[in-house]
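A short worksheet on the structure shown next.
None of the figures in this text is laboratory data; all of them are computed from the coordinates on show. If you're wondering where the values come from, they're calculated on a predicted model, not measured in any experiment. We place every Cβ from the backbone using ideal geometry, glycine too, and count neighbours over all the protein chains shown.
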Ligand SMILES: *Cc1c(COP(=O)(O)O)cnc(C)c1O
């Protein structure tokens, strides 16, 4: 498999390099040079395959032998060991539930697959590898859970003290073993700066073999395509057009869906559903992309003003002069505010006895709007996290909800973290101690 950088088509690397060094020097993002079309027979027979089998086949086609079959089989079966069911919410509107993994959010798919793939590529190296990751909340939890007890890898998760929710903090600080939480007296940007400085510091580099588990790693995108195929498998009526609504922030999920469509998955079109951080819906309407500072909303995992995967979406459709035209034939965009989000949670709970989380609610709203405009389609929205992770918002919408046992289990564990000032010397001394 070959990948190129979106900033320089001549910068070509193999999968191992793209996974272990996710930041090309030209500051682009790695994209597959070729996205192969899957034979029609696969789609005809898709109902016979398990979720993991689908993941295995899709990865084999996409990575074209970069991972030996036997290894790939193990990687997929260890990473993708929980379901992604499609649930009917109302006539022709379905929820694709992506919250059945260990941290109850879709980021588990990417984090677990990335951990397995890194561990495989690093098994060829002699030295233990250390992952440094800065988090503002959910990503760090999924990464910590994904790498927990993965052999040969040690993880330091840096998070801003007092700026993550109590539950998120527990998901970062209670693993133990190879996962070390560092509570930084500063902001997310301070955490990010410490990580960046550490990675290039000569003394630390001679003591540690560093790698990064940042969110733009292509290894996080690949498994996010699996559940689109697996959702298609679960639909009973495959003759009706399928429209998929993706609640989006950094647009990794949507990019993975567009890749699945490029591979031949019969999805008619996608909807980029956002909160008021709507630079992509605005781009789809006007053809102009203008990054903005982010706005705080109730669906806070989507509060992104400059989506990191946007260049990848363009790259998929890039042709002389017609990128925007081609993109808008597959993708439309819609944005909803907090009061629409709360009333969607309330209405769906009342009418269908289904619990939307604040992110899925935005995906649902976009389905509802498009269904009025185009009747003869089936709509699927991604339910990106369990509502129990956002009990404060849920309480505003419908009152107290019950919290799943997985989450309660985190709450009862003891926090273990090293408290540091936002100061590089302190962080360095800590790592060298
Ligand atoms: C990260 C996240 C999103 C946004 O996904 P992107 O791939 O960044 O667009 C949506 N919902 C939840 C719950 C998330 O954690």
As an exercise, find the ratio Rg/Rh for the stretch 68-185 from alpha-carbon atoms, using the Kirkwood inverse-distance average for Rh.
1.04
Ratio Rg/Rh, restricted to the stretch 268-319 and using Cα atoms, in which Rh is the Kirkwood radius:
0.97
Using a Förster distance of 22 angstrom, determine the FRET efficiency expected from the C-beta separation of residue 237 and residue 369, and round it to 0.05.
0.50
On a full-extension model of 0.36 nm per residue, what is the gain between residue 318 and residue 70, subtracting their alpha-carbon distance, rounded to one decimal in nm?
85.8 nm
Ordering of 164-170, 361-367 by packing [mean C-beta count within 10 Å, highest first]
361-367, 164-170
Nearest 5 is fine: what % of DSSP beta bridges in the chain come out antiparallel, could you say?
25 percent
Hey, could you pull the Cα Rg and Dmax for the stretch 301-433, both in Å?
21.1, 64
Need one number: nm distance between label points at residue 8 and residue 196, each 7 Å from Cα along Cα→Cβ, rounded to one decimal.
1.9 nm
Which of the peptides 12-18, 40-46 is most tightly packed, and how do the rest follow, going by the mean number of other Cβ atoms within 10 Å of each residue?
12-18, 40-46
C-alpha center-to-center spacing [the stretch 111-151, the stretch 213-261] in angstrom:
22 Å
dims of the chain, Cα set, principal axes, largest to smallest, nearest Å -> 64, 50, 43
Could you work out how much longer the chain between residue 424 and residue 34 gets when fully extended? Use 0.36 nm per residue separation minus the Cα distance between them, nm to one decimal.
136.3 nm
Size of the stretch 356-422 along its principal axes in angstrom, Cα-based, largest extent first?
55, 31, 20
Can you tell me, using C-alpha contacts under 8 Å and at least 6 residues apart, the relative contact order of the stretch 75-173 as a whole percent?
25 percent
